[in-house]
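Just so it is clear, none of the values below were taken in a lab; they were calculated from the coordinates. Quick caveat, the model's predicted, so the values are computed rather than measured. Cβ coordinates were reconstructed from backbone atoms using ideal geometry, including for glycine residues, and neighbour counts include every protein chain displayed.
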Amino acid sequence: MHTCQSGILLSQLPSTGKGRIMFGHLPIGHLSVSLLLVCVGSFLAPPASAAILFSDNFNAGASSAWGSERGTWRDTGGVYDATFPDNTPLTYSGVTTLSGLTDFALDVDVIDLNDGGIWLRSSFNGGAINGVLLVTGGGSGANNGLYWHVVQNGSVAPLQNNQTQAGLQGSDVHLLIEVIGNVYSVYLNGGATPFTTLTTSTFASGSVGLYDFSPVSGATSPRGQTFDNFQVTDLTPVPEPSSFALLGIGAITLAAWRLLRRDPKCRD
């Protein structure tokens, strides 16, 4: 009576009579292939729905997670803006509970678009701000577009990729911003293709926030650009736990099958 090096006793495994060892009704080789196909199918299955990390519609006031680090931000009327907007230094209100974002999506409504923006992978850094800034409008309320700045230690690099559209100033828009790897993409009003993009490896992670430089805003003047319906969704890819389990079963079975085929004692 022969045994394999794996310690499997051949007399304990049924045979087809043609040299194939059986496991239930399947030959070991067929079983391995079947399990591996299941594993592949598991990895190709649609991923679980993305998790919402933060959401604020400002209807009951601003969330306590907002930092209002610079600009004295207010939440009156169900929208959010800075009481004292400025760009020297840059205003900033960040979501303090989201300090290590990598891949994510951000939805926000911009009301009466004028001159403001969205901070991405950012940090206030004691006032020396780091991050990517998507400017909404800009040009002190004269630019009908969206463009980007990379800001390092409070120093603002030249604007990049200004994409314009007639009538954007003063309008209400919805922005979907996706940050994946080194690519930042903005979709305007549900568009199927990005309105403007930026590629940079300057920041691997960070928080998100808002910027306001609407010239007509102020404590006693009419409000300019404001923000509403702010939401952050995690886009970090996470394999299903069942995928790991199935992959492990498939790998073990395949290893056993290969051992049986290679060991001469197992073929006697």
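Summing +1 for each Lys or Arg and -1 for each Asp or Glu among the other residues whose beta-carbon sits under 13 angstrom from that of L90 gives -3. Between N153 and A204, residue separation times 0.36 nm minus the direct Cα-Cα distance comes to 16.8 nm. Just to confirm a number: summing +1 for Lys and Arg and -1 for Asp and Glu over residues other than V108 whose beta-carbon lies under 11 angstrom from that of V108, what do you get? It works out to a net charge of -4. Across q = 0.12, 0.13, 0.19 Å⁻¹, region 52-234 modelled as identical point scatterers on its alpha-carbon atoms has Debye log10 I(q)/I(0) values of -0.47, -0.56, -1.37, in the order of the q list.
All other residues whose Cβ lies under 10 angstrom from that of Y211 are scored, Lys and Arg at +1 and Asp and Glu at -1, for a net of -2.
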